[in-house]
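The values are calculated or read from the model by the stated rules, or taken from the named source; none is laboratory data. Quick caveat, the model's predicted, so the values are computed rather than measured. Glycine gets a Cβ as well: all are built from the backbone with ideal geometry, and neighbour counts include every protein chain shown. All accessible areas refer to the heavy atoms of the entire protein, side chains included, with ligands and DNA or RNA removed. Shrake-Rupley method; radii C 1.70, N 1.55, O 1.52, S 1.80 Å.
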Amino acid sequence: MEKPNPILSIVVTIVDGGTYLRDFLRAVSNFETPPPIEVIVPYDTSVADILKFSGDFSDVTFLDLGEITPIYPITSEAGQHELFDRRRAAGLAAATGDIIAILEDRGHPRPDWANTVVRLHNETHYNVIGGAINCQEPTRLLNWAFYVTDFGRYGLPFETAPADWVSDVNVSYSRDVLEKTRHLWKERYNEPVVHWFLMDHGEELLLSNELVVEHIRPPATLGRLLPERFHWGRLFGHIRTLKLSPMQRLLFIVAAPLIPPRLWIRHLIIQTKKGHFLRYLAALPYIIVLTIAWTFGEVWGYITKSP
């Protein structure tokens, strides 16, 4: 049922901070005739330098989380991912809107994003709506290879349709359905945990091609991306073990050598449909290395059952 003048809360995950966050907030301030909006930027002491430009955005709530001590060293990729999860969780807990969205400072929303997300929630029966994630810097081959392995399925063009996956880089929830999952993200928000729970309880996810963010990240290096892929794969493997029986877990471990070829074929099919066949071939050496790193992490997550 459509609600007049719903409030939209946007929880912003700091990933790169600095100029990336500043430019993100400028993009938000340039929304076209937006609905009522609440913008929340959770931050901890490790990124407190963002306060130097907080005065330029008086309508934004900068949510001070103090010092967070992650399980792994704060300089590691695993430690950083935990900080992202905890920032998201704190932002969701603080949000007061009727529709609650999660974006990150690397994903700058298009000018029509806010109006589009409210319209889609009002016009459809979906309570979880994800959107497109476009790579704004496709000329850097390594950056694009990372994008393909992480967000390739969300790149335009694609048809709006129900989906098994939507990304926490561009997702929105109705308040009622998000409240049903509060126990899952009280400490850390993990996208698969929340979405699997909702789908198990009858909710459908919508992936919309109208809801677009432009993904921007600093120039990448293999030295930075390989440990990132490993640790993010490990977290995914750990999360997956929460739904696996011991026999299923063993089968996933034994089948590990099949994971990279399946991913290469899946990415190839997706990017060919999007018109990127030749670029995919050019980036394939990077994609192979990145997917192998992810697989090692995923399997280690199955073996250790720890994030």
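Key figures for this structure:
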read-out: Those residues of the range 15-26 which are buried (at least 18 other Cβ atoms within 10 Å of the Cβ), part of a helix (DSSP H, G or I) and either polar (S, T, N, Q) or touching a strand residue (DSSP E or B) at 6+ places or on another chain (Cβ under 8 Å) (or both), in sequence order; value: 21, 24, 25
read-out: Restricting the range 273-307 to residues that are buried (at least 21 other Cβ atoms within 10 Å of the Cβ) and of a type in the set (A, V, I, L, M, F, W, C), the residue that is nearest to residue 246 (Cα to Cα); value: 294
read-out: Subset tally (residues that are surrounded by 21 or more Cβ atoms within 10 Å (Cβ to Cβ) and among the aliphatic types (A, V, I, L, M)) for the range 191-210; value: 3
read-out: Residue 188 closer than 25 Å to residue 85 by Cβ, touching a residue at least 40 places away in the same chain (Cβ under 8 Å), assigned to a helix (DSSP H, G or I) and open to solvent by 10 Å² or more (accessible area, probe 1.4 Å); value: no
read-out: Helices (runs of 4 or more DSSP H) wholly inside the range 193-307 that include at least 1 residues being closer than 24 Å to residue 107 by Cα; value: 222-241, 259-273, 277-304
read-out: Test: residue 235 is of a type outside the set (Lys, Arg), farther than 14 Å from residue 145 by Cα and at pLDDT below 95; value: yes
read-out: Residue count, the range 231-264 (criterion: under 26 Å from residue 132 (Cα atoms) and either touching a His at 6+ places or on another chain (Cβ under 6 Å) or open to solvent by less than 60 Å² (accessible area, probe 1.4 Å) (or both)); value: 12
read-out: Set 69, 19, 13: member being of a type in the set (S, T, N, Q) and touching a helix residue (DSSP H, G or I) at 6+ places or on another chain (Cβ under 7 Å); value: 13
read-out: Any hit, the range 69-86, residues being assigned to a helix (DSSP H, G or I) and open to solvent by 70 Å² or more (accessible area, probe 1.4 Å); value: no
read-out: Of all residues making up the range 99-134, the number that are open to solvent by less than 10 Å² (accessible area, probe 1.4 Å) and among the aromatic types (Phe, Trp, Tyr); value: 1
read-out: Meets criteria (free of Cβ contacts under 8 Å to residues at least 12 places away in the same chain, of a type outside the set (Asp, Glu) and on the phi > 0 side of the Ramachandran plot) for residue 202; value: yes
read-out: Pair list, Cβ < 6 Å and 6+ apart or interchain, from the range 27-54 residues that are within 27 Å of residue 116 (Cβ to Cβ) to residues that are of a type in the set (D, E, K, R) and in a loop (DSSP other than H, G, I, E, B); value: 32/112
read-out: Condition met for residue 18 (within 30 Å of residue 223 (Cβ to Cβ) and without any contact (Cβ under 8 Å) to a residue 40 or more places away in the chain); value: yes
read-out: Residue satisfying all of: in the range 136-175; touching a Gly at 6+ places or on another chain (Cβ under 6 Å) and not in a loop (DSSP other than H, G, I, E, B); surrounded by the most Cβ atoms within 10 Å (Cβ to Cβ) among these; value: 170
